[in-house]
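Please read the structure below before turning to the comments.
The values are calculated or read from the model by the stated rules, or taken from the named source; none is laboratory data. Just so we're clear, the structure is a prediction, and the values are computed from it rather than from any experiment. All Cβ positions, even for glycine, are placed from backbone atoms using ideal geometry, and neighbour counts span all protein chains on display. SASA here: full protein model, heavy atoms, side chains in, ligands and nucleic acids out. Shrake-Rupley method; radii C 1.70, N 1.55, O 1.52, S 1.80 Å.
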Amino acid sequence: MKRIALAILIMTSGSLSQARTQGRFLGQQFMINIAAQGYDGSTDELPQKLFEAMNVPVQDSILGPGKTLQTPFKFLDFICANRTSGGYTCMLLIHPSKSAQLGLKTASLRVEGEMAQKLAAQFFPSSGEVFQNAEGTLEVKVTPNQFSIRFDEQGL
């Protein structure tokens, strides 16, 4: 499964390099790609911040060193990598579930309770609670009681 998600990240990271953060509805899932650098030279620190905040082991991949959140149920793929030539990049793939709302240009995921605790445990406690991209289209919130992702192409 991790290989499939990494393959998706590889295929889309080059084609989505126009914007630093881009979301795409794939019919059943919603994919959010976050790049550290846009085509115009603009930068976003969010992929590096997420990578550094993730308290999971680094794994080798085609992209370079990468980290993946572990979810007990198939509702989210969350991968960040340090591409040796392209900087940091992250891919979030939200699957249909009772916790997800998926649209053509928007997506959100919100889990609470035990599941939020399991996800929050995969982040360093001192890393912060709210992560936002420079464009204002993506927010990731990590607390022991709530884990949420909000993306809106028009802005939050």
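Using the Cβ-Cβ distance between residue 115 and residue 24 with R0 set to 25 Å, the FRET efficiency works out to roughly 0.50. Annotation: for a label point projected 7 angstrom from Cα along Cα→Cβ of residue 101, residues of the stretch 112-156 with backbone N closer than 17 Å are 112, 137-141, 147-156. Run the reach check for residue 49 against aspartates and glutamates, Cα to Cα strictly under 18 Å, same-chain hits fewer than 8 apart removed. What comes back? Partners within reach: 77, 129, 135, 139. Between residue 156 and residue 70, the FRET efficiency estimated from the beta carbon spacing at R0 = 22 angstrom works out to 0.25.
Solvent-accessible surface of the stretch 49-139, averaged per residue with a 1.4 angstrom probe and all protein chains in place: 50 square angstrom.
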